[in-house]
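Contents: one structure, followed by commentary.
Every read-out reported here was derived from the displayed coordinates using simple, explicitly stated rules and does not represent laboratory data. Just so we're clear, the structure is a prediction, and the values are computed from it rather than from any experiment. Cβ coordinates were reconstructed from backbone atoms using ideal geometry, including for glycine residues, and neighbour counts include every protein chain displayed.
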Amino acid sequence: MRKDKFITSISNVATFLEVVNFLRKAPDYSPKIGVITATYGIGKTETCTWYYTQNLKNTIYISITASMNTKDIFEEILFELGEAPKGNLNRIFKRIVDLINLREEPPLILLDESNRLANKERAVEMLRDVHDLTGSAICLVGSPEFLPTIRKYHAFYSRVRIERVLKPLTLKDVKKLTKELVETVSLTDDAISVLKEKTNGNTRRIVITLGAVEEYARANQKEVIDASDIKKIFAFKAEE
């Protein structure tokens, strides 16, 4: 199975691009903050990293880890701007603003795992300051539980212009994934329908199951997988 291919034609990628393109094209007088949420396993991080690799020159991408504090986050932003962080947080912040303002066009700041900002009010307010002082668009990507907290930061949230949710994959999306990723076997339409039902359209679970499908096909010398085969695979996984 191909694990190195990112499928750009699925609906969630279109939703993601809708948000970032809206933010990039927003006029200078308009706020440029967007929020994208999705439950775990839908493909948020994969979409972020794919977009970043396609837009390296004008995108700052940070994946916020559980260990990062406010200074860590802004050190990473400064590093993405091409400079080694030095000094205290205020000095780092000012240098970020200066470097962005030297650019002909401000970059998009793309923050994955933004749910980890939920209890970092200082970081959120500093992001608002970067936005206001540089004109950089900011896109927060994370799981839905951080939204109620972000909405409490009224000055920041008042600048949010667009919110979108990445949803479980449609049957059409699952067919596209299957066609593009599976190399050694084909799946019937009924098999794909059962796959979507059993995984609830969760991208991560679909990809894992497609790997199991290829292993099952090799073990049973099958070239075509039908609905009964998919049910057997899930029954076997349930017994593990």
Using modelled backbone amide H atoms (1.01 Å from N, in-plane), which distant-in-sequence or interchain residues come within less than 5 Å of Ser143's amide H? Ala38, Ser114, Asn115
Residue-wise HN-Hα coupling along segment 31-47, computed from phi with Karplus coefficients 6.51, -1.76, 1.60 (Hz; x: Gly, Pro): x, 9, 10, x, 10, 10, 10, 6, 6, 5, x, 7, x, 4, 5, 4, 5
Using amide H atoms built 1.01 Å from N in the peptide plane, name the residues 5+ places from Leu187, or on other chains, whose amide H lies under 5 Å from its own. Ile225
Tell me the mean residue ellipticity at 222 nm calculated for the chain from its helices only (DSSP H runs of n ≥ 4, each -39500 (n - 2.57), averaged over every residue, nearest 500). -16500 deg cm²/dmol
Given axes a ≥ b ≥ c from the Cα gyration tensor, I'd like to know whether segment 84-136 is rounded (a/c under 1.5), prolate (a/b larger than b/c) or oblate. oblate
Residue-wise, which Karplus ³J(HN,Hα) couplings in Hz belong to segment 196-211, taking 6.51 cos²θ - 1.76 cosθ + 1.60, θ = phi - 60°, and x for glycine or proline? 4, 5, 5, 9, 6, x, 7, 4, 4, 5, 5, 4, 4, 5, 4, x
Which distance in Å, rounded to a whole number, links the C-alpha centroids of segment 90-112 and segment 56-85? 10 Å
Counted neighbours (other Cβ, 10 Å), sorted fewest up, put Thr70, Thr8, Thr53 in the order Thr53, Thr8, Thr70
Based on other C-beta atoms within 10 Å, arrange Glu113, Glu183 from fewest to most. Glu183, Glu113
Can you give me the Cα centroid spacing of segment 124-157 and segment 165-240 in angstrom? 38 Å
Calculated from backbone phi, Karplus (6.51, -1.76, 1.60) coupling profile of segment 13-25 in Hz, x at Gly/Pro: 5, 4, 5, 4, 5, 4, 5, 5, 5, 4, 5, 5, 8
Under 16 Å from Lys222, Cα to Cα: lysines that are on another chain or at least 8 residues apart: Lys231, Lys232
